[in-house]
Amino acid sequence: STMRKRETTDSPHSSTDLSEGKEKLRLKQEVGLISGVSLIAGTMIGSGIFMSPEWVLHHMGSPASSLLIWAACGLLAMFGALSYAELGTIIKESGGEYIYILRTFGSFPAFLFAYTSVILVRPAGLAAVCLSFAEYAIAPFYPGCSSPQVVIKCTAAACILLLTIINCLNVRLATSIMNIFTAAKLLALLVIVVGGLVLLAKGQTQSFQNAFQNTTAGIGAVGVAFYQGLWSYDGWNNLNYVTEELKKPEVTLPRAVMIAIPLVTCLYLLVNVSYLAAMTPSEVLSSGAVAVTWGDKVLGSWAWLISLSVALSTFGSSNGTFFSGGRVCYIAAREGHMPDILSMAHVRCLTPSPALLFTSAMSLIMIISGSFTSIVNFFSFIAWLFYGMTISGLLYLKIKKPELPRSYKVPIIIPIIVLVASVYLVLAPIIDQPQIEIFYIVLFIFSGIILYFPLVRFKCHPRFLQRVTLHLQLFLEVAPTTRDGN
């Protein structure tokens, strides 16, 4: 294929002609309903449900109140996803929050989101999940002692490199792996659920007697408990990052949301009930990894299945995070907010390989430096800051532009509830227990101003970058892409 001069029909970054101008290069629409459900559920079910229950219980103080938090987190994720589904049917472009903020509020806030997400949030989240995978995957090789950090980091790095190869080769291969691993992790959670139901049938209900005793009522404690629970639900918005790759997005997006999130919420609640059936609240609180402790108590010699399940779960989740995270980088570059090379796709594989390689490189840096832990702790703060901005954009479109065509409408009360929740989740920890790390995060977000005005607003691009882009194009065999016809 011969790369030709870009057309300017969509935008300076939107299209190219291939094969004498007869074909346009674009990403394939490979994601159907099953793959969409797998992308949402498979990314949501990571290490969180195996690790977070003890922390939710710690902050809430009682079993019943912790279960209420898990249910409320699921409801909030559902409301957020339904709101995003309407946005996805109005703005049928990939990129999630980035593209919605860009189309509603303009270039500057969209750039700040892309800058924060591409450089910090997505790579940190991916690095954290891959490190969780590595820890569980190599634990059987070091029985009775903690695994060496070097081995954990090397295994996590190998995981990221493997995911890079898979996602760069073929979209269908990446979605097939998501489907397989989602099925495997659902099976693992069903084992825990069935084990818990058997224990309840045998009369092990001590944890549920006086279930609200010692409940914490502090505004900050509830907010932090929500953060811990919502970390396990993170990924509810993943399908909006790949809208252009969906088959019939106006149908697939709402349906996948309505199947995946209630499924995950029910499983999470039943898994928590199972943990509390097998262990007392004090045992859950003292457990380093609640799922592993559950396996030791219930499965006996088969307890290794839980470690294997967590490893499979985290690998599948990291694949979903990588799949969608690379798209934010790709779309931001296509809109002129990132270097041109990141907006291109492989001419044969039709995958956004430069964006995926960049995301991979940033994640590897975070794994090597090991300085991402504090960032991940405040992941929810950044996430809900931008979720709130995106939802306020939907409310603006519903009130000011009701005439815009949309195949799906969410009742206005739902985005209002999500907006109020996001404001609470952003402000509650700051008001209750202000921490200096939040100031550093806000400082990092606004440091994007230094780059935005010279590089994006005034387009001061050094000439040598054009040569570098051309050489990288030839080396990586990539070309600029056009938007999907939607």
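The values are calculated or read from the model by the stated rules, or taken from the named source; none is laboratory data. On a predicted model such as this, the values are computed, not experimentally measured, just so you know. Every residue, glycine as well, gets a Cβ built from its backbone with ideal geometry; the counts of neighbours run over all protein chains shown. Areas reflect the complete protein model, heavy atoms only, side chains present, ligands, DNA and RNA absent. Shrake-Rupley method; radii C 1.70, N 1.55, O 1.52, S 1.80 Å.
Here are the numbers:
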item	result
Matching entry among I219, I192, I180 (being farther than 24 Å from V56 by Cα and of a type outside the set (D, E, K, R))	I180
Subset of the stretch 227-249 [open to solvent by 20 Å² or more (accessible area, probe 1.4 Å) and either part of a helix (DSSP H, G or I) or of a type in the set (A, V, I, L, M) (or both)]	Y227, Q228, W231
Subset of the stretch 123-146 that is within 15 Å of S47 (Cβ to Cβ) and over 21 Å from the mean Cα position of the chain (by Cα) - its residue that is modelled with the lowest pLDDT	A139
Whichever residue in the stretch 131-160 is in a helix (DSSP H, G or I) and among the small types (G, A, S) and, among such residues, is surrounded by the fewest Cβ atoms within 10 Å (Cβ to Cβ)	A158
Residue that is surrounded by 20 or more Cβ atoms within 10 Å (Cβ to Cβ) and at pLDDT below 75, where the choices are D17, D10	D17
Pick from the stretch 201-215, criterion open to solvent by less than 50 Å² (accessible area, probe 1.4 Å) and in contact (Cβ under 8 Å) with a residue 24 or more places away in the chain, ranking: nearest to V129 (Cα to Cα)	S207
Candidate set: the stretch 421-446, residues that are without any contact (Cβ under 8 Å) to a residue 60 or more places away in the chain and of a type in the set (S, T, Y); chosen: the one nearest to A383 (Cα to Cα)	S422
Long-range neighbours under 6 Å by Cβ, at least six apart or interchain, first residue farther than 20 Å from S52 by Cβ within the stretch 302-324, second open to solvent by less than 10 Å² (accessible area, probe 1.4 Å) and of a type in the set (A, V, I, L, M)	N319/L163; N319/M178; F322/L126; F322/L163; F323/A174
Identity of the residue in the stretch 344-361, among the β-branched types (V, I, T) and buried (at least 21 other Cβ atoms within 10 Å of the Cβ), that ends up modelled with the lowest pLDDT	T351
Boolean, N319 is assigned to a helix (DSSP H, G or I), of a type in the set (S, T, N, Q) and more than 23 Å from A71 (Cα to Cα)	yes
The stretch 50-68: number of residues that are surrounded by 24 or more Cβ atoms within 10 Å (Cβ to Cβ) and within 15 Å of S207 (Cα to Cα)	5
Sole exception among (1) open to solvent by 20 Å² or more (accessible area, probe 1.4 Å); (2) within 20 Å of the chain's Cα centre (by Cα) for T175, by number	(1)
Top-ranked residue in the stretch 290-302 [being open to solvent by 20 Å² or more (accessible area, probe 1.4 Å) and under 30 Å from S65 (Cα atoms); ranked as farthest from the chain's Cα centre (by Cα)]	G300
Residue in the stretch 192-203 that is touching a His at 6+ places or on another chain (Cβ under 9 Å) and not in a helix (DSSP H, G or I) present	no
Which numbered condition I368 misses (of (1) modelled with pLDDT of 85 or more; (2) out of contact with any Asp or Glu (no Cβ under 9 Å at 6 or more places or on another chain); (3) in a helix (DSSP H, G or I))	(1)
Residue check for A128: in a helix (DSSP H, G or I), touching a Leu at 6+ places or on another chain (Cβ under 6 Å) and surrounded by 24 or more Cβ atoms within 10 Å (Cβ to Cβ)	no
Residues within the stretch 188-217 that are modelled with pLDDT under 85, within 18 Å of L269 (Cα to Cα) and of a type in the set (A, V, I, L, M, F, W, C), tallied	4
Output for the stretch 69-111, where each listed residue is open to solvent by 10 Å² or more (accessible area, probe 1.4 Å) and in a loop (DSSP other than H, G, I, E, B)	I91, K92, E93, G106
Condition met for T321 (open to solvent by less than 10 Å² (accessible area, probe 1.4 Å) and either within 20 Å of G229 (Cα to Cα) or charged (D, E, K, R) (or both))	no
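A quick yes/no check of all residues on (1) closer than 30 Å to I441 by Cα; (2) without any contact (Cβ under 8 Å) to a residue 12 or more places away in the chain:
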{"site": "F111", "(1), (2)": "yes, no"}
{"site": "F141", "(1), (2)": "no, yes"}
{"site": "V150", "(1), (2)": "yes, yes"}
{"site": "C159", "(1), (2)": "yes, no"}
{"site": "N170", "(1), (2)": "no, no"}
{"site": "A174", "(1), (2)": "no, no"}
{"site": "A184", "(1), (2)": "no, no"}
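Residue by residue, here is whether (1) at positive phi; (2) modelled with pLDDT under 85; (3) not β-branched (V, I, T) holds:
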{"residue": "V273", "(1), (2), (3)": "no, no, no"}
{"residue": "T293", "(1), (2), (3)": "no, yes, no"}
{"residue": "V298", "(1), (2), (3)": "no, no, no"}
{"residue": "L305", "(1), (2), (3)": "no, yes, yes"}
{"residue": "S309", "(1), (2), (3)": "no, yes, yes"}
{"residue": "Y330", "(1), (2), (3)": "no, no, yes"}
{"residue": "L342", "(1), (2), (3)": "no, no, yes"}
{"residue": "S363", "(1), (2), (3)": "no, no, yes"}
